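The values are calculated or read from the model by the stated rules, or taken from the named source; none is laboratory data. Only a predicted model underlies this, so the values are computations on that prediction, with no experimental measurement involved. Here the Cβ is made from the backbone with ideal geometry for all residues, glycine too, and neighbour counts use every protein chain on show. Surface accessibility is based on the protein's heavy atoms, side chains included, excluding ligands, DNA and RNA. Shrake-Rupley method; radii C 1.70, N 1.55, O 1.52, S 1.80 Å.
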Amino acid sequence: MHPFEDIELFDCPLCHGAGLFQEEGGWCLYVACLDCGCHTAELPYSSEEERQEMARRAARNWNVGKVIHPGPGD
């Protein structure tokens with residue numbers, strides 16, 4: 001079972017593509033669009049409890065449209 005399976009992610013707020021949780025080296029996570037590349041801010045964690053809370057926060061940010069879009073040249 002995926003650890004974030006119970007957390008709902010809406011479609012991308014910019015292009016309506018699929019969003020997916022991404023983790024960086026076991027210290028932070030964010031949600032990113034598989035199509036256009038926009039993403040939420042990276043949220044750091046240092047324990048499994050914080051990891052779950054940061055996943056919920058990233059999902060909340062994603063679902064309300066708080067994303068960063070890597071535009072041309074980024």
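Observations
- Filtering segment 34-56 to residues that are part of a helix (DSSP H, G or I) and farther than 16 Å from Leu9 by Cα leaves Glu48, Glu49, Glu50, Arg51.
- When residues of segment 1-21 are limited to those that are within 18 Å of Arg56 (Cβ to Cβ) and surrounded by 15 or more Cβ atoms within 10 Å (Cβ to Cβ), the one nearest to the chain's Cα centre (by Cα): Phe21
- When residues of segment 22-56 are limited to those that are within 19 Å of Gly71 (Cα to Cα) and more than 12 Å from the chain's Cα centre (by Cα), the one most open to solvent (accessible area, probe 1.4 Å): Asp35
- Test: residue in segment 57-64 that is in a loop (DSSP other than H, G, I, E, B), of a type in the set (D, E, K, R) and surrounded by 13 or more Cβ atoms within 10 Å (Cβ to Cβ): no
- Pairing residues of segment 16-32 that are free of Cβ contacts under 8 Å to residues at least 60 places away in the same chain and part of a strand (DSSP E or B) with residues that are among the polar types (S, T, N, Q) and open to solvent by 50 Å² or more (accessible area, probe 1.4 Å), at Cβ distances under 6 Å and at least 6 apart in sequence or on separate chains, gives Tyr30/Gln22; Ala32/Gln22.
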